[in-house]
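Novice: My structure is below; once you've seen it, I'll send some questions.
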Amino acid sequence: MKPTAKVLGAVATAAALSFVFSGTASAVSGTASYYNDAGYGACGTRINAATELLVAAPAALWTTPNPNNDPLCRKSIRVTHNGRTITVPIKDKCPSCASNKIDLSQPAFSRLADTSLGIISVNWEIV
């Protein structure tokens with residue numbers, strides 16, 4: 001990873017973490033992909049990313065050893081792409097996501113763009 005990318009990732013993480021701890025909204029410019037797994041999400045509840053509207057937040061934003069107790073489990077993420085905006089509950093963790101990338105459920109991604117795109121540029125914030 002280039003030094004500039006590391007700095008930008010750190011800035012995105014700091015912005016998102018400042019929201020989690022202070023309650024001050026801070027939009028992140030990043031990317032979103034989608035997934036369609038089913039099972040238990042990081043918040044300890046059953047999920048089906050093929051049928052539900054939800055989001056997996058980047059691992060860097062989780063602050064507790066047991067994600068079931070993490071403040072993120074009581075938050076949502078508002079995502080905007082090409083003039084379309086959705087708000088989806090955080091129900092899972094994305095261990096492979098950079099700090100400015102989120103993983104939307106397939107139906108959530110579909111509300112913003114065609115799934116054939118795979119990854120899209122978005123602005124997102126924790127709400």
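The values are calculated or read from the model by the stated rules, or taken from the named source; none is laboratory data. The structure presented is a predicted model; accordingly, all values stated were derived computationally and were not measured. With ideal geometry, Cβ positions are generated from the backbone for all residues, glycine too; neighbour counts draw on all protein chains shown.
Novice: Show the residue pairs that are 6+ apart or on different chains and have beta-carbon atoms under 8 Å apart, the first residue being within the range 109-121 and within 14 Å of L53 (Cβ to Cβ), the second being of a type in the set (A, V, I, L, M) and at pLDDT below 95.
Specialist: Hits for this filter: zero, empty list.
Novice: Give me a count of the residues in the range 47-61 that are under 15 Å from T115 (Cβ atoms) and of a type in the set (S, T, N, Q).
Specialist: Total meeting the criteria: 1.
Novice: Check A56, A27, A49, A32 and return the single one that is surrounded by 13 or more Cβ atoms within 10 Å (Cβ to Cβ) and modelled with pLDDT under 95.
Specialist: Answer to the check: A27.
Novice: Is it the case that D70 is under 21 Å from A38 (Cα atoms) and touching a Phe, Trp or Tyr at 6+ places or on another chain (Cβ under 6 Å)?
Specialist: yes
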